[in-house]
1. Residue check, Ala102 against (1) touching a helix residue (DSSP H, G or I) at 6+ places or on another chain (Cβ under 7 Å); (2) under 29 Å from Leu193 (Cα atoms); (3) in a loop (DSSP other than H, G, I, E, B); (4) aliphatic (A, V, I, L, M), all met but one. Which one?
2. Can you spot a residue in the range 324-334 that is exposed (fewer than 14 other Cβ atoms within 10 Å of the Cβ), farther than 22 Å from Arg407 by Cα and out of contact with any strand residue (DSSP E or B) (no Cβ under 6 Å at 6 or more places or on another chain)?
3. Write out, first by first residue and then by second, each pair whose Cβ atoms fall under 8 Å of each other, whose residues are 6+ apart or on separate chains, and whose first residue, in the range 120-137, is basic (Lys, Arg) while the second is modelled with pLDDT of 85 or more.
4. Residues in the range 337-374 that are of a type in the set (Val, Ile, Thr), more than 18 Å from Lys268 (Cβ to Cβ) and at pLDDT 95 or above: how many?
5. Considering only residues that are touching a helix residue (DSSP H, G or I) at 6+ places or on another chain (Cβ under 7 Å) and among the polar types (S, T, N, Q), look in the range 275-296 and name the one that is surrounded by the fewest Cβ atoms within 10 Å (Cβ to Cβ).
6. Evaluate the following for Lys382: is it basic (Lys, Arg) and assigned by TED's automatic domain parsing to the domain that holds Gly425?
7. What strands (runs of 3 or more DSSP E) completely inside the range 159-251 contain at least 1 residues that are of a type in the set (A, V, I, L, M) and out of contact with any Ser or Thr (no Cβ under 7 Å at 6 or more places or on another chain)?
8. If you go through the range 176-189 one residue at a time, do you hit one that is in contact with a Lys or Arg (Cβ under 6 Å, 6 or more places away or on another chain) and within 25 Å of Arg91 (Cβ to Cβ)?
Amino acid sequence: MTERLFGTDGMRGVAGEFPLNEPTVYQLGKSLSRILRRENGHSPRIIIGRDTRESGPWLERAVAAGVIAEGGTAESAGVTTTPGVAFLAKRFGFDSGIVISASHNPFADNGIKVFAPSGRKLEDRFEREIEAELAGEPSDLPPANFEINPSAEYNGSYLQYLKGEIAKGLNLSGTRLVIDCANGASSHIAPELLASLGAEVITVCADPNGQNINADCGALYTEALQKKVVEARAQLGVAFDGDADRAMFVDDQGQLRDGDYILYILGKEFKSRSELSGSRIVATVMSNIGLELALKELGIELDRTSVGDKYVLEELLRTEGTIGGEQSGHIIFPRISLAGDGMITALQVLRVITERKKSLRDLSEGMHKYPQILINVKVSRKAPFESIPQIRHAAEQLEAKLLGRGRLLLRYSGTENLARVMIEGENQEEVNEQAEGLADVIRNVLG
């Protein structure tokens, strides 16, 4: 059986190791170029973008050389966001877009995502075909003197799209914002975008050096941003992750407002405008039960999917939904873009704040989050939990205790060797103890 290399968010690994080594990435470019030529009947044009990791340039060269080796054309947008590449693929008529990024992962990791011109990720059948061609670690190397030079036109076009189309009519004069760019792909885009709309922008973590992406900053590490918002007396803080496909928010009192709050605020706003199709929002099994209850009070139904923006998007398209997303801050507006975009999310939130003349804190009222804990457990393998008696028994006992008062979610990460234990309940101390107990069982068996 061919090894699965593509997870729910593309192919990831340690840069320099299989499958993120030079020969394999070169072969991936060749495979993709060949598939697109076969499917579309012409030599494919592919746009490539990357985040700020030090491994990005050589990975970009390798995949571009592979595309060209099979008769395709590869162009570079240089350092740009994941949703930026999805936008460019559609706007400029490319056959595909490739993003070289490991999103929120540490700098030593990297990854490859492939987009169709629609903004959707590569079809599963094509991923399986590429995986089969990558089996056995390919040995061919790209030409030693191969170079690909980025064009400034592409980032300029993406920025103009955000300013002229998404933010049209939005005036942020008098608004003080603190922006954490995670030393990633948004570092040279987000501050310019928000300042151009009139905001007073205080920027932190926007000085990438190839190794500091996501390092104690960005959407996963908001503590410093929360303090900075209070110190600067800002109205709002926004933290992007390394490739800026997600955003987390901080209110004027330094309180973190994650994706669940944003789904609540925007869902309520869209419903008030009669723009919420079917009076429903799509989220994942990770979203807090407090979101579900708060939306129910507004007459809005919450549809849950498996974890991963891929599944959220599939459900949004199936139901012709207006908005969906994840607690992690990955929000999708399918009528605008099929790729989650942290900057589009930020602009949508800022529009509600300015038009309603309310703070993020005020807009968050009406939603109460239940105590929740998420523990990541490193595992050596991803055996089905139900196949392991010790884990199955512990989980069944815990679910019986939580019945009617909370919920347990046990799953594996789609991109890392981690088991995730999530518990919600009425008492934080109690759910912490329960989660640690189940995590210990998993660690003893699979660690």
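The values are calculated or read from the model by the stated rules, or taken from the named source; none is laboratory data. Just so we're clear, the structure is a prediction, and the values are computed from it rather than from any experiment. Don't worry about glycine lacking a Cβ; one is built from the backbone with ideal geometry, like all the others, and counts go over all protein chains shown.
1. Every listed condition holds for Ala102 apart from (1).
2. No, the range 324-334 contains no residue that is exposed (fewer than 14 other Cβ atoms within 10 Å of the Cβ), farther than 22 Å from Arg407 by Cα and out of contact with any strand residue (DSSP E or B) (no Cβ under 6 Å at 6 or more places or on another chain).
3. Taking only residues 6 or more apart or on different chains, the pairs are Arg120/Leu313; Arg120/Leu338; Lys121/Gly10; Lys121/Lys113; Lys121/Val114; Lys121/Phe115; Lys121/Lys310.
4. 1
5. Selected residue: Ser279.
6. In short, yes.
7. 176-180, 200-204, 236-240
8. Looking through the range 176-189, none of the residues is in contact with a Lys or Arg (Cβ under 6 Å, 6 or more places away or on another chain) and within 25 Å of Arg91 (Cβ to Cβ).
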